[in-house]
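The structure appears right after this line, and notes come after that.
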Amino acid sequence: MSALTGPGVRPTAVLFACGMNAVRSPMAAAITRNLFPNQIYVRSAGVRKGERDPFVDAVMAEIGMDTSKHLPKTFEELDESGFDLVVTLAPEAHHKALELTRTEAVDVEYWPTMDPTLATGSREQIMDAYRGIRDQLLMRIKKRLAWTPPPSG
């Protein structure tokens, strides 16, 4: 860890990356935006450009988050840099992120995350796989970025 994102220090710009920027990284980006509004600059990208996934919209809507305007994009299509932290959610994204950031002062963390698109069965079984990934990302983001609930009242 660098001094920028060590324990107790929250990054100000985070990039989430996965294989196709269609499921895991858009979920993580939406969760982070929701938990840290106007506090952390958040983007997502993929190694390859995927297609929108309606299951993502459905499970995110269940927790009050709208991902319907997300358009999958690749690392090359990102029009910004300067991230403090890149979180990769798939092995291929991790390799790509390390390759692209090797000359930059940026932390790259790999969070192994199953691909829910591999789930089979009924619609409800598939939705459960997506919910599991959503909830795993939610807990991991809260922990890594030191989220605290807003004061009530």
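Annotations for the structure displayed:
- Given charges at Cβ of Lys, Arg, Asp, Glu: the chain dipole, positive-most of 103, 75, 136: 136
- Among 115, 84, sorting on how many other beta-carbon atoms sit within 10 Å of each Cβ, with the fewest leading, yields 115, 84.
- Net charge contributed by nearby residues that have their C-beta within less than 11 Å of residue 131 (K/R +1, D/E -1): -3
- Helix-only mean residue ellipticity at 222 nm for the chain, each DSSP H run of n ≥ 4 adding -39500 (n - 2.57), per residue, nearest 500: -11000 deg cm²/dmol
- Relative contact order of the chain, taken over Cα pairs closer than 8 Å and 6 or more residues apart, is 27 percent.
- Distances between placed amide hydrogens fall under 5 Å for residue 74 paired with 46, all partners being 5 or more residues away or on another chain.
- Across the stretch 83-90, rounded Karplus estimates of 3J(HN,Hα) from the backbone phi angles (6.51 cos²θ - 1.76 cosθ + 1.60, θ = phi - 60°) give 6, 7, 9, 10, 9, 9, 10, 9 Hz, Gly and Pro being marked x.
- Taking the Cα centre of the stretch 13-144 as origin and assigning +1 to Lys and Arg Cβ atoms and -1 to Asp and Glu Cβ atoms, the resulting dipole is close to 220 debye.
- All-pairs alpha carbon distance profile, the stretch 86-144, 10 Å steps from 0, percent: 21, 39, 29, 10, 2
- Nonlocal amide H pairs with residue 86, under 5 Å, H built at 1.01 Å: 15, 107, 108, 109
- Estimated Rh, the stretch 1-85: Kirkwood, alpha-carbon pairs, angstrom: 13.3 Å
- For the chain, built as a Gaussian network whose Cα springs stay under 10 Å, the top-fluctuating residue of 109, 77, 92: 77
- With the largest listed first and rounded to whole Å, the semi-axes of the equivalent ellipsoid of the chain from the Cα gyration tensor are 24, 20, 13.
- Sorted ascending by nearby beta carbons within 10 Å, beginning with the fewest, 57, 79, 66 become 79, 66, 57.
- ³J(HN,Hα), Karplus 6.51/-1.76/1.60, whole Hz, each residue of the stretch 112-120, x for Gly, Pro: x, 9, 4, 8, x, 5, 7, 5, 10
Where a number appears in this text, it was derived from the coordinates with a stated rule and is not lab data. All values derive from a computational prediction rather than experimental measurement. All Cβ positions, even for glycine, are placed from backbone atoms using ideal geometry, and neighbour counts span all protein chains on display.
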